Every structure is written in C-alpha cells, then in structure tokens.
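Structure record follows, encoded as structure tokens.
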Amino acid sequence: MNAKRLAVATALSLVPSVAMAIAYDDVRRVTPANRPYIVEIGEPQPLGPRALQRETRHNTDLREYLDFYGWPDYAEIQEIEPNFPWDAYEVRLYYLKRDREIAFGGAFIAPQVSDLGLIKYQGRMDPGTRDRIVALVTPPPSTASEEPERVEFKPVTAAAPATAQPDEIEMMVRRIEAAAERASAAADNAAEASEAANASADRTVNILGKLAR
C-alpha cells in the first residue's frame, strides 16, 4: 500500500516538471542569418517611450543615438542567449524611412560602470522584418463613423529632442563655420594689436627725435 502511494506521489511530483519541459520546448530559439553570433529566445516585446527612456539611463550608446538621430518609428526588446560580458537582451530601434535597424546591448566591465552600452548591430532591415514593423505601426482601418487613432513615438521628457537633430554633415559644417569665425576674430585681434604696436613705435621715435634736438 505504501509502495503504491509512493509511486503515485512520485508521478504527481513529476507532472509540473514534464509540463514545464514541454512548454520550454515550444520557446522560439532563432539565430538570425545576418547575425550568426547571437541566439534569440522567445518573441520580441514592444518597448514604449517610457520604457525606452529608462533603458537610456544605463546604455550610453542608446542615449547618444537617440539624442543625435531622434526617436524611432518602433522599438522593441529581444531576449538573447547570455554571452558574457553582454546583457541577456537587446534593445532594437527601427527607422522605416531610413530603412535602418539598430541593436544596442549593455556590457559589464566593472561594478563601478553601470551605464556602458554599445551598438552591437546596425544595417538595413531584411524584408521580413520590415513587413513586420510596418504592420505593427500601421493603425487599424477605421470605420466611416470614426477617425483612426494615430499614436506617434515621441520622447516623454523635456531632455529628449523635440525635433529631429541635424545630421552628421550639417554638424560638421557648423563646427567648421564656428572654427572659421574664431580664427577670423583672432586674426582681427592680432591686426589691431599690430597697429597699436606700430603707433606706439612711431610715438617713441618722435619723442627720441625731439630729445636729440
């Protein structure tokens, strides 16, 4: 009798483990063709503006990229197989007009550095990814009696850019123009100083001439 009870109890204790193993077997595990060095685990999850803003606090490259290039059309988070020193997930941004996909990952180098993040990948979206993102950001069709609700992906704090930032070429032009203005101002100051020195020398010569008489 005790042996039967023990067998039943053992079988019941194994049921959750078996169910969990079956469930985990169904988890998506994919190695992207263009990124053979990572393994994606599960489906990507959408990342809203507030959550993306939180990610910028401990990912330096992500923060700087958003400040410089503006906010994306869509963002998501993807769990990946752990690979030290990288975090076990990536933040991915998608820009439809530019046809760009950028993946960011946090990295550990020391306990004192808590915001190290780097661009792990950037390139054009493959057709399947682009179709998926377009479907996610396209509002559902409206009926004749209602207008479609359009939700724009915008920053939620004053610190984030309200308008698109100038591109790299424009920034370079501005820096060159500013440097040219500084150089011109320095040249003007040097010219004024030279004229003042010449006038002083002339006065000195005149005074010496008068004394010599």
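Brief remarks on what is shown
- Matching option when the condition is farther than 21 Å from residue 138 by Cβ and either at pLDDT 95 or above or not aliphatic (A, V, I, L, M) (or both), among 98, 63: 63
- When residues in the stretch 26-66 are screened for being touching a residue at least 12 places away in the same chain (Cβ under 8 Å) and of a type in the set (Asp, Glu), 4 of them pass.
- Residues that are within 12 Å of residue 117 (Cβ to Cβ) and not in a loop (DSSP other than H, G, I, E, B), drawn from the stretch 61-101: 61, 62, 63, 64, 65, 66, 86, 89, 90, 91
- Against the list (1) touching a Pro at 6+ places or on another chain (Cβ under 7 Å); (2) assigned to a loop (DSSP other than H, G, I, E, B); (3) of a type in the set (D, E, K, R), the condition residue 43 fails is (1).
The values are calculated or read from the model by the stated rules, or taken from the named source; none is laboratory data. Small disclaimer: the values here were computed from a predicted structure and weren't measured. Please note: Cβ atoms are built from the backbone with ideal geometry, for glycine as well, and neighbour counts cover all protein chains shown.
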